[in-house]
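Here the structure comes first, spelled out in structure tokens, and everything after it is commentary.
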Amino acid sequence: MRISYAGENAFLLDASSTVFEAGIQARVINAAHALARHTGVRQAIPGVNNLLMVFDSVMHDHREARIWLEDAWYQASSDEPDGRMISIPVTYDSESSEDLKAIAYYCNLTITDIISLHSNASYRVAAVGAMPGFVYLSGLDPQLAIPRRQVPRMAVEKGSVIIGGGNAGVMPCTAPSGWYQLGHTDIALFDHNRNPPCYLEIGDRVRFVNAR
Amino acid sequence: MIEILTSTALNTVQDFGRPQAMAFGVSCGGAMDRAALALGNVLLGNPADAAGIEVAFFPFRIRFLEERSFSITGAQCNASLDNLSLPANWAITAKAGQILTCGALEKGCRVYICLEGGLDVPIVFGARATDLKAALGGYHGRGLQRNDHIPCGPRTLSLPTGGYGLTCPPLLPERGSVTVHALAAAEYHDFTPESRARFFSQPWRITSQANRAGYRLEGDPLRRASDRELFSHGIMPGTVQIPPSGQPIIQLADANTMGGYPKIATVIESDLRLLAQAPIGASVFFHEIDIDAAVQRQRDAVRQFQDNMMKLSELRGSLIPWNQKK
């Protein structure tokens with residue numbers, strides 16, 4: 001576990017090794033919950049096997065704030081949260097999809113294999129961020145671990161069901177992304193008029209269901 | 001109520017943003033030069049974080065549809081109320097029908113126009129700031145366009161004829177270069193000693209890929225000694241990332257809340273306003289600072305702002321409240 005400054009008002013706790021670990025992620029989420037109750041903490045944002053804690057360095061000594069983070073980390077359990085079970089219907093792209101062909105080539109799988117590996121796995125929301133409502137889903141079959149594109153696509157459409165860097169996700173809005181597209185869902189991941197605004201929350205369990 | 005006469009879609013309503021919405025993946029947002037917005041508001045007796053207009057593209061023109069005091073702070077531009085030329089960092093009362101024009105920039109990049117009572121647009125996740133990416137907040141979640149009519153909060157005070165202003169406003173960076181203080185970040189030691197030293201010594205040019213989300217810089221590329229991949233992690237405005245190209249990206253107000261590129265340093269919060277006012281083509285110098293000095297600078301900035309606020313509120317106390325005007 002390493003703690004570094006993310007500016008004078010935040011610490012980044014990085015507990016990652018070379019591979020994603022579900023136990024570490026549970027601990028990150030539990031530590032973030034504990035920190036969120038601390039009056040001196042402005043934000044506790046779980047990342048993928050890491051945790052960003054934001055505080056006010058004018059009000060609080062940074063040495064003291066670092067101890068809050070360390071204490072929360074050492075006291076956090078590695079028990080995974082129960083989480084809701086959420087199914088996301090996916091219309092998978094056709095055999096002619098450029099992205100599916102690229103994944104098939106890189107992972108040495110057929111397109112049928114890709115779709116069945118993607119829709120048979122059980123995922124968990126590891127982190128929410130980057131874009132409004134975007135989720136980093138852990139649980140992707142390692143056979144589908146394709147690295148992100150070197151040059152991101154300028155516009156990946158809202159609702160695109162995507163994989164990249166060992167994670168799965170869904171585009172909450174049309175935006176640039178370096179991930180590969182497998183299909184599409186009509187579920188809106190983010191709506192600022194909805195309460196809560198994010199369709200998926202940290203700890204939720206997710207399945208992708210082939211809509212065909 | 002004010003009416004927009006001339007604008008581009010990148011001039012937006014801003015306040016202090018919504019850092020508490022980071023957990024939803026929503027950018028912190030808010031004014032790029034917070035000190036300028038705050039001073040503009042305090043000149044008018046508004047709360048420091050009331051919503052105003054951040055003008056980054058010119059010309060910008062508004063018509064006052066009623067009598068209303070306003071202030072103009074931040075970058076220096078060729079500003080006038082009808083034919084009256086306005087000094088920088090000035091507050092004055094406009095009569096109904098008068099037109100405020102912000103013309104060519106003279107120094108800095110972003111002008112703030114604050115209105116007495118603040119701009120009265122809906123609050124979304126605790127803020128009125130416009131988030132263009134999420135299309136929320138501000139005026140219908142978008143930049144300002146001709147014919148937009150924006151309501152203002154209640155009137156509070158009348159200013160002396162001709163208005164009043166600051167004689168010693170916060171400094172703006174010189175045209176050619178800006179120096180900001182930065183604190184080493186998580187992957188600082190992943191870079192070669194030569195690259196680390198060079199990051200803090202060579203000039204980095206601000207490229208044309210510079211907006212509210214971040215600035216891409218250009219210089220002799222930096223090299224990492226290891227190329228271990230990082231998992232996605234939360235990032236703060238001011239984070240300086242080094243993507244595989246070796247050319248830095250400074251993440252700013254409208255940055256994504258998470259990223260995966262290595263981070264060499266973080267620009268301290270009180271210096272972000274200098275970046276906000278540094279134009280494309282300017283050179284950025286990063287000056288290394290340790291945590292205690294960084295906190296001290298932040299504390300000094302807060303104290304200086306509170307002193308200014310105190311002086312201004314004393315000054316305003318001697319002005320006549322609007323409802324007691326004859």
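List of remarks:
- Every residue from the range B:183-205 that is more than 11 Å from chain A (Cβ to nearest Cβ) and of a type in the set (A, V, I, L, M, F, W, C): B:Phe191, B:Ala197, B:Phe199, B:Phe200, B:Trp204
- Residues located in the range A:90-121, provided they are surrounded by fewer than 16 Cβ atoms within 10 Å (Cβ to Cβ) and either assigned by TED's automatic domain parsing to the domain that holds A:Arg27 or part of a strand (DSSP E or B) (or both): A:Thr91
- The sole residue among A:Gln43, A:Gln25 that is within 14 Å of chain B (Cβ to nearest Cβ) and assigned to a strand (DSSP E or B) is A:Gln43.
- In the set A:Ala65, A:Ala15, A:Ala76, only one residue is in contact with a Ser or Thr (Cβ under 8 Å, 6 or more places away or on another chain), small (Gly, Ala, Ser) and surrounded by fewer than 24 Cβ atoms within 10 Å (Cβ to Cβ); that residue is A:Ala65.
- Among the strands (runs of 3 or more DSSP E) confined to the range B:240-298, the ones with at least 1 residues that are among the charged types (D, E, K, R) and over 15 Å from the mean Cα position of the chain (by Cα) are located at B:263-267, B:283-288.
- Some residue of the range B:303-319 being in contact (Cβ under 8 Å) with a residue 24 or more places away in the chain, outside the structural domain of B:Gly74 (by TED's automatic domain parsing) and either outside any helix (DSSP H, G or I) or among the acidic types (Asp, Glu) (or both): yes
- Every condition in (1) within 14 Å of another protein chain (Cβ to nearest Cβ); (2) surrounded by fewer than 18 Cβ atoms within 10 Å (Cβ to Cβ) holds for A:Arg212 except the one numbered (1).
- In the condition set (1) under 20 Å from B:Leu171 (Cα atoms); (2) surrounded by fewer than 19 Cβ atoms within 10 Å (Cβ to Cβ); (3) touching a helix residue (DSSP H, G or I) at 6+ places or on another chain (Cβ under 8 Å), B:Gly74 is compliant with all but (2).
- Yes/no for B:Glu229 being within 14 Å of chain A (Cβ to nearest Cβ) and not in a helix (DSSP H, G or I): yes
- Just one residue in the set A:Leu200, A:Leu137 is buried (at least 19 other Cβ atoms within 10 Å of the Cβ) and part of a strand (DSSP E or B); that residue is A:Leu137.
- Of all residues in the range B:218-259, exactly one satisfies the criterion of being surrounded by 16 or more Cβ atoms within 10 Å (Cβ to Cβ) and free of Cβ contacts under 8 Å to residues at least 24 places away in the same chain, namely B:Gln241.
- Restricting B:Leu217, B:Leu183, B:Leu222, B:Leu172 to those that are in a loop (DSSP other than H, G, I, E, B) and modelled with pLDDT of 90 or more reduces the list to B:Leu222.
- A:Val90 being touching a helix residue (DSSP H, G or I) at 6+ places or on another chain (Cβ under 6 Å) and more than 10 Å from every other protein chain (Cβ to nearest Cβ): no
- Candidates A:Val48, A:Val58, A:Val41, filtered to the one that is touching a His at 6+ places or on another chain (Cβ under 8 Å) and aliphatic (A, V, I, L, M): A:Val48
- Only listed residue being more than 20 Å from B:Phe199 (Cα to Cα) and either in the same structural domain as B:Gly17 (by TED's automatic domain parsing) or buried (at least 19 other Cβ atoms within 10 Å of the Cβ) (or both), chosen from B:Val295, B:Val284: B:Val295
- Of all residues making up the range B:268-310, the number that are facing chain A (nearest Cβ under 10 Å), touching a Ser or Thr at 6+ places or on another chain (Cβ under 8 Å) and closer than 24 Å to B:Gln247 by Cβ: 0
Results for (1) modelled with pLDDT of 95 or more; (2) crowded, with 20+ Cβ neighbours inside 10 Å; (3) farther than 28 Å from B:Gly25 by Cβ, shown as yes or no for each residue.
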position: B:Ala88; (1), (2), (3): no, no, yes
position: B:Arg128; (1), (2), (3): yes, yes, no
position: B:Pro151; (1), (2), (3): yes, no, yes
position: B:Gly165; (1), (2), (3): no, no, yes
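- Unmet requirement for A:Leu51, which otherwise passes all of (1) part of a helix (DSSP H, G or I); (2) not assigned by TED's automatic domain parsing to the domain that holds A:Leu182: (1)
The values are calculated or read from the model by the stated rules, or taken from the named source; none is laboratory data. Predicted model only: the values in this text are computed from it and were never measured. Neighbour counts are summed over all protein chains in view; Cβ atoms, including those assigned to glycine, are modelled from backbone coordinates with ideal geometry.
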